[in-house]
1. If you keep only loop residues by DSSP, which trypsin sites (Lys or Arg not before Pro) in segment 313-382 have at most 16 other Cβ atoms within 10 Å of their Cβ?
2. Kindly give Rg over Rh for segment 77-180, based on alpha-carbon atoms, with the Kirkwood expression for the hydrodynamic radius.
3. If V74, V381 are ordered by their accessible area, calculated over protein heavy atoms with a 1.4 Å probe, which sequence runs from highest to lowest?
4. Provide the per-residue ³J(HN,Hα) series for segment 368-385, in order, calculated from phi with Karplus coefficients 6.51, -1.76, 1.60 and θ = phi - 60°, each as a whole number of Hz, with x at glycine and proline positions.
5. Gap in Å between the Cα centre of segment 257-287 and the Cα centre of segment 171-185?
6. Relative contact order of segment 178-311: what whole-number percent is it, with Cα pairs under 8 angstrom and at least 6 residues apart?
7. Accessible area, 1.4 Å probe, largest first: how do E252, E20 sort?
8. Round to a whole number: what % of the accessible area of segment 120-201 belongs to carbon and sulfur, probe 1.4 Å?
Amino acid sequence: MHLNKDEEKILNGEQGEVMERLFRLLVRLGDIYNADKMIPVGSVQVAGVSYKSIGDPGLEFLEDMVNKDAGVKVLTYLNPAGMDIEDWKKLGFPADFAKNQLRVMDAFKQMGIVITSTCTPYLAGNLPRFREHIAWSESSAVSFSNSVIGARTNREGGPSALAAAVCGVTPNYGLHLWSNRQPSVKVKVDVDLKTSSDFGALGYFVGKQVKNKIPYFTGIKDASTDQLKALGAAMAASGAVALYHVENLTPEADLVETKGLETFSVGKNELKETYNRLSQGKNPDIVIFGCPHASLREISEIAGKVKGKHLKKPVWVCTSRMMKEASDRMGFTDIIEKAGGYVVGDTCMVVSPIEEMGYSTTGVNSGKAANYLPGFCKQNVVFANIDDLLEGQL
Ligand code: F3S
């Protein structure tokens with residue numbers, strides 16, 4: 001890989017130990033994937049934030065970085081944390097867990113990272129432009145930024161994203177290159193998709209089939225950005241899809257080559273089978289929406305459905321701190337809380353320790369959450385659309 005003079009100096013330790021260590025990591029990555037050079041990134045999103053995932057070793061690593069004066073060079077956001085940073089007591093998060101999670105947040109803040117913990121940074125003030133190179137980590141955010149926005153990122157690991165944030169560059173390989181953004185399989189959708197859970201089910205099914213290929217969808221007549229985020233999140237979870245194209249809907253769909261691609265169809269039956277496969281539980285003891293983190297439109301939709309009603313069991317709507325503040329201001333939080341639910345900021349059902357909080361069956365409308373909850377949180381899952389999930393709780 002070609003390094004310029006300034007980059008050589010970093011490698012020689014002229015900008016301190018932390019820079020040298022993190023830059024070396026990027027060079028190693030670039031060498032493995034045959035990158036030709038480093039490219040500047042416009043923003044970073046760092047994963048490995050929940051204390052549940054990183055534990056004491058992760059916390060010690062971050063505090064060591066702070067002690068060595070690590071600081072970020074570009075706009076950097078965080079993936080969801082393990083709890084609502086402000087309302088954790090009210091929601092019943094364990095105090096020991098909270099103490100460590102707050103230390104993690106403090107370490108990130110001292111590095112200059114915006115402690116907005118969300119998998120939808122693009123809804124919360126970190127919006128890349130078309131073709132901008134970025135280094136993001138969380139798989140649904142990576143999928144959305146590549147596919148719906150047309151920005152360019154590989155799916156970074158926690159350390160490589162942190163290195164990109166501190167050094168301001170990433171190696172030029174993978175999805176940063178136009179030649180690697182071409183579709184490798186065509187998916188013909190022969191069913192009307194109505195709800196976000198339909199998009200999640202489609203994503204789950206397709207992800208399982210295509211694994212890490214780049215699908216090109218035809219037959220999706222319309223989709224909101226919320227539905228596209230549900231589709232991409234599920235495909236990234238059940239497969240490893242970091243980029244997809246949708247005919248007439250996503251920005252690179254008209255630009256890529258689609259002739260001669262292997263093709264398969266998804267219809268009503270496949271969707272129905274996927275709902276059955278993902279929904280193994282019964283009678284959820286909690287329903288959690290907001291995977292990926294809910295937009296203001298999704299929060300308002302749920303508020304509209306529970307207004308004036310009384311929920312029998314807890315309902316959470318997970319979102320970023322920014323969306324929660326907008327929801328507070330619009331009165332949606334109040335409506336949801338009066339019905340007995342919560343708008344939960346900074347965290348989500350998968351990275352928070354819900355299994356330690358007495359829940360064993362969770363209702364979700366997200367294909368991604370349905371994929372991860374059994375393994376990560378020992379949950380039985382009920383996968384359905386918002387109306388069906390709320391019907392059981394009202
Ligand atoms: Fe986001 Fe958590 Fe889902 S990180 S995509 S809400 S599993």
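The values are calculated or read from the model by the stated rules, or taken from the named source; none is laboratory data. All figures in this text were calculated on a predicted structure; none of them were measured in a lab. For neighbour counting, all protein chains shown are included, and Cβ atoms are generated from backbone atoms with ideal geometry for every residue, glycine included. Just the protein is used for accessible areas: all its heavy atoms, side chains included, with ligands, DNA and RNA removed. Shrake-Rupley method; radii C 1.70, N 1.55, O 1.52, S 1.80 Å.
1. Hits after loop and neighbour filter: K378.
2. With Rh from the inverse mean 1/r over Cα pairs, Rg/Rh is 1.03.
3. V74, V381
4. The phi angles translate into 5, 4, 4, 5, 8, 4, x, x, 7, 10, 6, 9, 7, 10, 10, 10, 7, 7 Hz.
5. Taking the Cα centre of segment 257-287 as reference, the centre of segment 171-185 is 27 Å away.
6. This gives 30 percent for segment 178-311.
7. Largest accessible area first, the residues go E20, E252.
8. On segment 120-201, the fraction of accessible area on carbon and sulfur atoms equals 51 percent.
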